[in-house]
Amino acid sequence: MPKMVLLASYVSIAGNNLSDSCSKIEIAVEVEEKDVTTFASAGWKESLGGLASGTLGLTLKQDYAATKVDSLMWPLFLTRVPQAFEVRADNAAVSANNPKWTGNVLVKEWKPLTGSVGDLAEVDVSFPTSGPVARAVA
């Protein structure tokens with residue numbers, strides 16, 4: 001099984017490539033656990049999956065210049081409307097060895113300024129998905 005080191009990952013929100021400002025990407029999906037245990041379960045818990053949900057977590061190096069992080073994210077936050085996203089392990093073409101995950105996220109938070117004296121200006125955010133998250137290899 002091949003191993004991979006994340007060196008040149010790709011992240012885009014609302015068509016804006018944020019890869020040059022991003023140092024951490026996390027796409028997480030889960031399904032609610034619904035307990036369907038009955039007396040016929042013979043003392044064993046039984047579960048079914050309920051609603052699926054996900055989050056897109058990012059660490060972004062803050063930049064206030066025009067067309068950079070803050071000037072792109074602030075208007076997306078103000079829309080209150082889910083925005084399209086795409087993430088890949090590598091910025092190369094999508095393939096079986098480099099799948100992409102796509103969907104929509106709600107930019108529900110934005111932290112224009114956070115840090116202490118001497119800190120690097122960066123922002124950690126977590127956006128909930130809205131609707132399905134898809135995985136594609138082409």
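Readers should treat all values here as calculations from the given coordinates under stated rules, not as data from a laboratory. What you see is a predicted model; the values in this text were computed from it and never measured. In this analysis, Cβ positions are derived from the backbone assuming ideal geometry, glycine residues included, and neighbour counts consider all displayed protein chains.
Across the stretch 89-138, the number of residues qualifying as aliphatic (A, V, I, L, M) and more than 24 Å from Ser71 (Cβ to Cβ) comes to 11. Only one of these conditions is not met by Pro132: (1) in contact (Cβ under 8 Å) with a residue 60 or more places away in the chain; (2) of a type outside the set (D, E, K, R); (3) closer than 15 Å to Ser12 by Cα. Which number is it? Only one criterion is unmet by Pro132, namely (3).
Conditions (1) more than 18 Å from Gly15 (Cβ to Cβ); (2) touching a strand residue (DSSP E or B) at 6+ places or on another chain (Cβ under 8 Å); (3) among the hydrophobic types (A, V, I, L, M, F, W, C), marked per residue:
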position: Gly49; (1), (2), (3): yes, yes, no
position: Trp74; (1), (2), (3): no, no, yes
position: Gln83; (1), (2), (3): no, yes, no
position: Ser95; (1), (2), (3): yes, no, no
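Within the stretch 43-60, being surrounded by 13 or more Cβ atoms within 10 Å (Cβ to Cβ) and polar (S, T, N, Q) holds for Ser53, Thr55, Thr59. A single entry from Ala89, Ala8, Ala96 fulfils the requirement of being touching a Pro at 6+ places or on another chain (Cβ under 9 Å) and more than 14 Å from Val133 (Cβ to Cβ): Ala89. Considering (1) part of a helix (DSSP H, G or I); (2) in contact with a strand residue (DSSP E or B) (Cβ under 8 Å, 6 or more places away or on another chain); (3) surrounded by fewer than 17 Cβ atoms within 10 Å (Cβ to Cβ), the lone condition that Ala40 does not fulfil carries the number (2).
Conditions (1) surrounded by fewer than 18 Cβ atoms within 10 Å (Cβ to Cβ); (2) among the small types (Gly, Ala, Ser), marked per residue:
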site	(1), (2)
Pro75	yes, no
Pro82	no, no
Ala93	yes, yes
Asn98	yes, no
Lys108	yes, no
Leu120	yes, no
Val123	no, no
